[in-house]
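Here is the structure we will look at, set down as structure tokens.
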Amino acid sequence: MKSTLALLSLAFVGSAYAHTIFQELWVNGVAQGHNVGIRVPTYNGPITDVTSNDVICNGGINPFLQPISQAIIDVPAGASVTAEWHHGGSGPDPNDASDPIDPSHKGPIIAYLAKVPSALQTDVTGLDWFKIYEDGYGPGTEWAVDRLVANDGLVTFKIPQCIPNGEYLLRVELIALHGAGSYPGAQLYMECAQLRITGGGNATPSPIAHFPGAYSGTDPGILIGIYYPPVTNYTIPGPAVFSC
């Protein structure tokens, strides 16, 4: 057991800086441009304090790249969108063994939307977020991050067809659990994309979540040892996924 724990400890040290950034959005298979319409931080490090305002869209301890993109990405309701993640800030790097993220960083990938008066507004506190996608553990012993790595940093999900037209922030989040056996140990990576949704409906999305507040440090999806004993099931944090 000691040797197993020692090896895991070395793995954590070796991958301590193997971080990631969501830095490009695709709409129905069409790339919208690197750093276009996304609030991209200058540093690829995680947020570990789930009570911090930094868990909303990042940009606090990891300041945003300036100037922040003023693009708003047009997305038809019901469209497939793809979030593209990479270890470095310059996109894909075939010579980087930790691109899009080090494979040791097991965990879920989650996406939320919040309707806003303006997708360019700087104040993101107090927004009503609803979850539109989640992928966690399984089938077998595979994690969402394993699928992301196998797909070269791409994760695809749908924008609900029935949500109202308007401007939204899309918050895409990856949670790395390799050090989550104690708190604060889970590593939260998130960025927000600026959307204008058209062709939607009149549904009222629910349930609603607020950041910070949606997660606590004792949630089973935040405080969990995944290596010893090996995890057999996983509860993704946050509310249920909204569907039309």
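The values are calculated or read from the model by the stated rules, or taken from the named source; none is laboratory data. Just so it is clear, the model here is predicted, and its values are computed rather than measured. Here Cβ is always computed from backbone atoms with ideal geometry, including for glycine, and neighbour counts include all displayed protein chains. Keep in mind that these areas ignore ligands, DNA and RNA; they rest on the heavy atoms of the full protein, side chains included. Shrake-Rupley method; radii C 1.70, N 1.55, O 1.52, S 1.80 Å.
List the number of the failed condition for P94; all other conditions in (1) free of Cβ contacts under 8 Å to residues at least 12 places away in the same chain; (2) under 16 Å from L154 (Cβ atoms); (3) in contact with a strand residue (DSSP E or B) (Cβ under 6 Å, 6 or more places away or on another chain) hold.
Unmet condition: (3).
Taking the stretch 134-152 only, how many residues are more than 24 Å from A114 (Cα to Cα) and assigned to a loop (DSSP other than H, G, I, E, B)?
Residues meeting the conditions: 7.
Considering Y189, Y227, Y234, which residue is in contact (Cβ under 8 Å) with a residue 60 or more places away in the chain, open to solvent by 40 Å² or more (accessible area, probe 1.4 Å) and on the phi < 0 side of the Ramachandran plot?
Values: Y189 fails: open to solvent by 40 Å² or more (accessible area, probe 1.4 Å); Y234 fails: open to solvent by 40 Å² or more (accessible area, probe 1.4 Å).
Being in contact (Cβ under 8 Å) with a residue 60 or more places away in the chain, open to solvent by 40 Å² or more (accessible area, probe 1.4 Å) and on the phi < 0 side of the Ramachandran plot holds for just one of Y189, Y227, Y234, which is Y227.
How about the stretch 186-239: which of its residues are of a type in the set (V, I, T), touching a strand residue (DSSP E or B) at 6+ places or on another chain (Cβ under 7 Å) and outside any strand (DSSP E or B)?
To start, the set of residues in the stretch 186-239 that are of a type in the set (V, I, T) comprises 197-198, 204, 208, 218, 222, 224, 226, 231-232, 235-236.
Narrowing further to those that are touching a strand residue (DSSP E or B) at 6+ places or on another chain (Cβ under 7 Å): 197-198, 208, 231, 236.
Correct list: I208, V231, I236.
Search the stretch 192-208 for residues being of a type in the set (A, V, I, L, M) and open to solvent by less than 10 Å² (accessible area, probe 1.4 Å), and hand back the single one that is nearest to the chain's Cα centre (by Cα). Full working, then the answer.
Of the residues in the stretch 192-208, the ones of a type in the set (A, V, I, L, M) are 193, 195, 197, 203, 208.
In the following step, the residues that additionally are open to solvent by less than 10 Å² (accessible area, probe 1.4 Å) were identified as 193, 195, 197.
On the way: A193: 11, L195: 16, I197: 20 Å.
Ranking the candidates gives A193 first.
Of the numbered conditions (1) within 23 Å of K106 (Cα to Cα); (2) open to solvent by 70 Å² or more (accessible area, probe 1.4 Å), S243 fails exactly one; give the number of that condition.
Looking at each condition in turn, S243 falls short on (1).
Which fully enclosed strands (runs of 3 or more DSSP E) of the stretch 43-132 have 3 or more residues being surrounded by 18 or more Cβ atoms within 10 Å (Cβ to Cβ)?
Values: elements: 73-76, 80-86, 109-116.
Answer list for the stretch 43-132: 80-86, 109-116.
Looking only at residues that are part of a loop (DSSP other than H, G, I, E, B) and open to solvent by 80 Å² or more (accessible area, probe 1.4 Å) in the stretch 1-33, which one is modelled with the highest pLDDT? Let's see the steps before the verdict.
In the first step, residues of the stretch 1-33 are kept if they are part of a loop (DSSP other than H, G, I, E, B); the result is 1, 15-20, 28-29, 32-33.
Subset that is open to solvent by 80 Å² or more (accessible area, probe 1.4 Å): 1, 17, 28.
Numbers: M1: 38, Y17: 65, N28: 98.
Selected residue: N28.
Could you figure out which of (1) at positive phi; (2) touching a Pro at 6+ places or on another chain (Cβ under 6 Å); (3) not hydroxyl-bearing (S, T, Y) isn't true of G136?
Going through (1) at positive phi; (2) touching a Pro at 6+ places or on another chain (Cβ under 6 Å); (3) not hydroxyl-bearing (S, T, Y) one by one, G136 breaks only (1).
Residues that are aliphatic (A, V, I, L, M), in a strand (DSSP E or B) and either surrounded by 18 or more Cβ atoms within 10 Å (Cβ to Cβ) or in contact with an Asp or Glu (Cβ under 7 Å, 6 or more places away or on another chain) (or both): does the stretch 153-163 have at least one? If you could, list the steps in order and put the result at the bottom.
Step one: filter the stretch 153-163 for residues aliphatic (A, V, I, L, M), giving 154-155, 159, 163.
From the residues that got through so far, the ones that are in a strand (DSSP E or B) too are 154-155.
From what's left, either surrounded by 18 or more Cβ atoms within 10 Å (Cβ to Cβ) or in contact with an Asp or Glu (Cβ under 7 Å, 6 or more places away or on another chain) (or both): 154-155.
Yes, some residue in the stretch 153-163 is aliphatic (A, V, I, L, M), in a strand (DSSP E or B) and either surrounded by 18 or more Cβ atoms within 10 Å (Cβ to Cβ) or in contact with an Asp or Glu (Cβ under 7 Å, 6 or more places away or on another chain) (or both).
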